[in-house]
Amino acid sequence: MTATAAARSAAVRHARRLNRYTIGWNVGEAVVAFGAALVAGSVSLVAFGLDSVIEVSAAMILAWRLAQERRDDCMQGADRRATHAIALCFAALALYVSIQAVRDLGGEARPDASPVGIVLAALSLVVMPVLARAKANLAPVLGSRAQESEANQTRLCALLSAVLLIGLLANAALGWWWADPVAALGIATIALVEAQRTWRAESLEDTCCT
């Protein structure tokens, strides 16, 4: 069903608000994750911080996509470019984290326990699903695969939070040093799958092109 002009305009405004919140949250999340990673020597926290940076990148790409609403009558071309850029962000995360995690496993790097990291992962696990659902609900109104892909990125962040939390808790409670790089490899695998799925996705029918 084609959205009315008023509904589309309201959806664009809401998407922009969610986007600004996403950028603010993830900038703070990245700073905390990198700081905790430096203290604990945790590759999974580095991976989580990088995902936060990529989430910011994806949100900025989506901000560019939303800005095109005022500049063009048809969003399909811009939407496709934005979606592909988000997919490349996923792939970059997967590549970097895989290399670092394998190095840590081979070198038997033993990270310290990270209470800050545990709290950060738990908070993200609560916030990210709510934010992802709100973003995904706007995609059909906007007819935007880029909006849907960015919502998937936020959903992925929630999943990565769970993987990170398990790894950090296993290391802190049981002394399983290998749980940290294994969690990082899990994060990389999920990111790679999402990169492939996002790149191959067909654009949603754009409501302003019907």
Might you check whether a residue that is part of a helix (DSSP H, G or I) and either on the phi > 0 side of the Ramachandran plot or surrounded by 16 or more Cβ atoms within 10 Å (Cβ to Cβ) (or both) occurs anywhere in segment 106-114? no
Can you name the residue in segment 112-166 that is at pLDDT below 85 and among the hydroxyl-bearing types (Ser, Thr, Tyr) and, of all such residues, is nearest to ILE23 (Cα to Cα)? THR154
Those residues that are crowded, with 16+ Cβ neighbours inside 10 Å and either touching a Leu at 6+ places or on another chain (Cβ under 7 Å) or at pLDDT 80 or above (or both), I need them from segment 185-198; list them, please. LEU185, GLY186, ILE187, ALA188, ILE190, ALA191, LEU192, GLU194, ALA195
ALA134 vs. criteria within 20 Å of ALA162 (Cβ to Cβ), surrounded by 16 or more Cβ atoms within 10 Å (Cβ to Cβ) and aliphatic (A, V, I, L, M): yes
Just the residues that are in contact (Cβ under 8 Å) with a residue 60 or more places away in the chain, charged (D, E, K, R) and over 14 Å from TRP178 (Cβ atoms), please, taken from segment 95-144. ASP112, LYS135
Scope segment 145-157; condition under 30 Å from TRP176 (Cα atoms) and either charged (D, E, K, R) or surrounded by fewer than 19 Cβ atoms within 10 Å (Cβ to Cβ) (or both); matching residues: ARG155
Quick check, is LEU164 crowded, with 24+ Cβ neighbours inside 10 Å, touching a Phe, Trp or Tyr at 6+ places or on another chain (Cβ under 6 Å) and not aromatic (Phe, Trp, Tyr)? yes
Being at pLDDT below 90, part of a helix (DSSP H, G or I) and surrounded by fewer than 19 Cβ atoms within 10 Å (Cβ to Cβ) is the filter here, so list the residues in segment 23-52 that pass it. none
Could you please find all residues in segment 1-22 being in a helix (DSSP H, G or I) and surrounded by fewer than 16 Cβ atoms within 10 Å (Cβ to Cβ)? ALA5, ALA6, ALA7, SER9, ALA10, ARG13, ARG16, ARG17, ARG20, TYR21
What number of residues in segment 145-187 are assigned to a loop (DSSP other than H, G, I, E, B) and in contact (Cβ under 8 Å) with a residue 24 or more places away in the chain? 2
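The values are calculated or read from the model by the stated rules, or taken from the named source; none is laboratory data. For clarity, every value in this text was computed on a predicted model and none was experimentally measured. So basically every Cβ, Gly included, is an ideal-geometry build from the backbone, and we count neighbours across all protein chains shown.
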